[in-house]
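First up is the structure itself, then whatever we jot down about it.
The values are calculated or read from the model by the stated rules, or taken from the named source; none is laboratory data. Small disclaimer: the values here were computed from a predicted structure and weren't measured. Keep in mind that these areas ignore ligands, DNA and RNA; they rest on the heavy atoms of the full protein, side chains included. Shrake-Rupley method; radii C 1.70, N 1.55, O 1.52, S 1.80 Å.
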Amino acid sequence: MGPIIYKVARIDGDYAHLTNTETGEDVLVAMALLPDETDEGIVLRWENFEYSVIG
């Protein structure tokens, strides 16, 4: 399985709602697991159980 690209749709307190850009599926992720610069509209890459900002 390759990397998964998500867009941060909304931040709700300690959690972020991420949308898979390929399937449209939404996931809820704790902000503690995301990079510090995460904000609404940011694009994240998930690979090897780690998130990184790509846009």
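Here the contact order of the chain, divided by its residue count and restricted to Cα pairs under 8 Å and six or more residues apart, works out to 35 percent. Among Gly41, Gly13, Gly24, the largest mean-square fluctuation in a Gaussian network model of the chain, built with springs joining Cα atoms closer than 10 Å, belongs to Gly13. Annotation: per residue accessible area for the chain equals 70 Å², rounded to a whole number [probe 1.4 Å, protein chains only]. Once the convex hull of all Cα atoms in the stretch 4-53 is built, its volume per residue stands at 64 Å³. Leaving out ligands, DNA and RNA, what percent of the accessible area of the stretch 1-50 is carbon and sulfur, probe 1.4 Å? Ligands and nucleic acids excluded, carbon and sulfur give 47 percent.
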